[in-house]
Amino acid sequence: MTLHLNDITLTYPDGGQRLTALDRVTLTAAAGTLTAVVGPSGSGKSSLLAVAATLITPDAGAVVLDGRDLRGLSRRETERVRRDEIGIVFQSPNLLASLTAMEQLVVVAHLRGEDLAVARRRAIDLLAAVGLGDRAEHRPHQLSGGQRQRVTIARALMNDPSLLLVDEPTSALDRARGEAVLDLLRSLTLERGLTTIMVTHDHDHLVAADQVIEIVDGAVTGQAPAGLRRTGPGLS
């Protein structure tokens, strides 16, 4: 699945004026690739993810997913796309304290009306895929920060999405656990043919990306191919 964000503009009310969060942003991400989005705090990175996730409707521009312009969809159709085709990994795991790792995943399928036995089998498979096959019955307090983030990633994959959107997946992790999570995202993207877009604050992580997009004050200020590290005030 290919995602095109075409000339996206997003504003928010700010007193009697409008504050521009995204200023004519254009981005293309293909299946089997990981796109990293970087920029200073307040630059519009999270707004970009929210638009791609159909959580926010932009003022102008098109979100085109697999050749479909989502602007023409009804609210119910948009909710179906988000539920069935998009996986979202938020910055905070937001796991339910009373549920085991497997149950965190199964509840997603339950909300979609799926057979629970089938959902349990898929949850176990996904936990194994993220290296937590032996932690299925553990609750959040029994897991490390990196393990909780892995559960969150597995939960985002329960709907078998084509588009995976990830917001600062390593912000609360130490370096070793952060690198492990990035390696996981990279391998899942390749193995499952995901279109993955990841917001990150750590420029050392950019070597895992197929392309890097830099946003400042809501506008794209730099774009680079894979494997480039931060070398100065911009991407080079």
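Tallying residues that are surrounded by fewer than 18 Cβ atoms within 10 Å (Cβ to Cβ) and either among the charged types (D, E, K, R) or under 23 Å from GLY72 (Cα atoms) (or both) within the stretch 15-30 yields 6.
Take GLY39 and tell me if it is on the phi > 0 side of the Ramachandran plot, in contact with a helix residue (DSSP H, G or I) (Cβ under 6 Å, 6 or more places away or on another chain) and surrounded by 14 or more Cβ atoms within 10 Å (Cβ to Cβ). Yes. Note on the stretch 143-176: residues that are in a loop (DSSP other than H, G, I, E, B) and within 21 Å of HIS110 (Cβ to Cβ) total 5. Of the residues making up the stretch 45-52, none is in a strand (DSSP E or B), in contact (Cβ under 8 Å) with a residue 60 or more places away in the chain and farther than 25 Å from SER187 by Cα. Quickly run through the stretch 77-92 and pick out the residues that are of a type in the set (A, V, I, L, M, F, W, C) and part of a loop (DSSP other than H, G, I, E, B). Passing the criteria: only PHE90. The residues of the stretch 100-119 that are of a type in the set (D, E, K, R) and part of a loop (DSSP other than H, G, I, E, B), listed by number, are ARG112, GLU114, ASP115.
Of the conditions (1) in contact with a helix residue (DSSP H, G or I) (Cβ under 7 Å, 6 or more places away or on another chain); (2) within 25 Å of PRO58 (Cα to Cα); (3) modelled with pLDDT under 90, ALA172 clears all except one; give me its number. Among (1) in contact with a helix residue (DSSP H, G or I) (Cβ under 7 Å, 6 or more places away or on another chain); (2) within 25 Å of PRO58 (Cα to Cα); (3) modelled with pLDDT under 90, the lone unmet condition for ALA172 is (2).
Only residues that are in contact with a helix residue (DSSP H, G or I) (Cβ under 8 Å, 6 or more places away or on another chain), part of a loop (DSSP other than H, G, I, E, B) and either under 17 Å from ALA60 (Cα atoms) or modelled with pLDDT of 95 or more (or both) were counted in the stretch 1-36, giving 1. Within the stretch 121-136, the set of residues being buried (at least 21 other Cβ atoms within 10 Å of the Cβ) and either touching a residue at least 60 places away in the same chain (Cβ under 8 Å) or of a type in the set (Asp, Glu) (or both) is empty.
The values are calculated or read from the model by the stated rules, or taken from the named source; none is laboratory data. All of these numbers come straight from a predicted model, not from anything done at the bench. All Cβ positions, even for glycine, are placed from backbone atoms using ideal geometry, and neighbour counts span all protein chains on display.
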